[in-house]
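Only one structure is covered here, and it is reproduced in the block below.
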Amino acid sequence: MSDPTPRTPTTPGRATDLAGRFLNSGGLAVAIGAASIAGITAVVTNSLGKRRPFGNIIPGPLIFPQDLETYGISLSFQFAKYERRSIYKQPFERRLGQIRLPVPRQIVDRLGMEWGEASNESLVGAAIESTLHEAKYGTGTLSSMGEIAADGAAGLTALGARETLNKANIPGLTLDTALQPLGFAVNPFLTVLFKQPKFKTHEFSWTLAAKNPEEATTINAIVQSFRYHMLPDRARGSGGTLLNYPDMVHIRFFNNDSFLYRFKPCVVQSVSVDYAPEGPSFFKGSSNVPSQVRLSISLLEIEYWLKDSFEEEMGTGTISGGGSI
């Protein structure tokens, strides 16, 4: 059975009014919380629902040069907006526009992990060192335990000496400086530790030379498209206090990437344009239309690679001439 009472939509203004009513009744904390949550929810929903269509700003798809289809392989950039109408609905991607360009002169795939160094205290380090040595050159359990005990005692002695010097508080006197005249140094027992994967970055650069003013117009639209999609915009109705995230871009080699590499979803970090890569050059009789530009873009993947994602993206099988993946 439907509710006959009409419901008033929640807006930032109405949320503030509700907060004022609660305030008069003494509910200060509840009022502020209700106004904040309802107001921000209304602002975000209003912003997502009233964005201007991308097609009204920059047309697409954009392909350069005009005979790109004859190249056999190209690089495709598909822009998308991550959206969620409300917290009660599933997120989705809204496809915005596409750019296709020739493969740049350099296509380097860099995959890195972050490692770091850590130092153990003398007691812990000596025990670990002795255990690892026994595992590699084992001479028996009793001998191993005896070596660990002896190394542990030496580690305790070193710790005691360091503590004694620290309490003495003599300027410039440390365990290292005390051992230096004897020709000894404290073993830092360094260990390499895995920290985390790194997000991949990509750098692409093209020198785009137009054959005619029409192609120059396409180049200009491509440049403006990259610039547009890398920028955030103000959330409507927020008074400038909230910004919408910039657009994502899906990249792939078109139409075959079997022997190249693949990309996770990216964001555009920077766009650089040189309008005179080999000196100023403009089409005769035009309104300062450059005949060529050098376009450079930097991209950051927003998901990192793991073994399972690598297998999912690249597939499994045997590489010709050797190992399998």
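For Gln269, the residues whose modelled amide H falls within less than 5 Å of its own, excluding neighbours fewer than 5 places apart on the same chain, are Ser298, Leu299, Leu300.
Would you please name the GluC sites (Glu not before Pro) within the stretch 182-278 that are DSSP coil residues with at most 14 other C-beta atoms within 10 Å of their C-beta?
On the way: sites: Glu203, Glu214, Glu215, Glu278; in loops: Glu278.
Taking the stretch 182-278 and a limit of 14 other Cβ atoms within 10 Å, the loop GluC sites (Glu not before Pro) found are Glu278.
If you rank Phe283, Phe194, Phe253 by fewest surrounding Cβ atoms within 10 Å, what's the result?
Numbers: Phe283 14, Phe194 9, Phe253 18.
Going from least to most buried by this count: Phe194, Phe283, Phe253.
Highest mean packing first, where packing is the average number of other Cβ atoms within 10 Å per residue, the peptides 262-268, 287-293, 86-92, 184-190 line up as 262-268, 287-293, 184-190, 86-92.
Which links in Lys81/Lys198; Lys195/Lys307; Lys195/Lys264; Lys211/Lys264 stretch past 27 Å when you go from one Cα to the other?
Values: Lys81/Lys198 24 Å; Lys195/Lys307 16 Å; Lys195/Lys264 21 Å; Lys211/Lys264 34 Å.
Check vs 27 Å cut-off fails for Lys211/Lys264.
What is the stretch 237-305 by shape, rounded, prolate or oblate, if you read a ≥ b ≥ c off the alpha carbon gyration tensor as root eigenvalues and call it rounded for a/c under 1.5, prolate for a/b larger than b/c, and oblate otherwise?
Oblate, since a/c reaches 1.5 and b/c is not below a/b.
No value in this document is a laboratory result; all are computed from the given coordinates. None of these values were measured; they are calculated from a predicted model. When we count neighbours, we look across all protein chains shown, and the Cβ atoms used for this are built from the backbone with ideal geometry, even at glycine.
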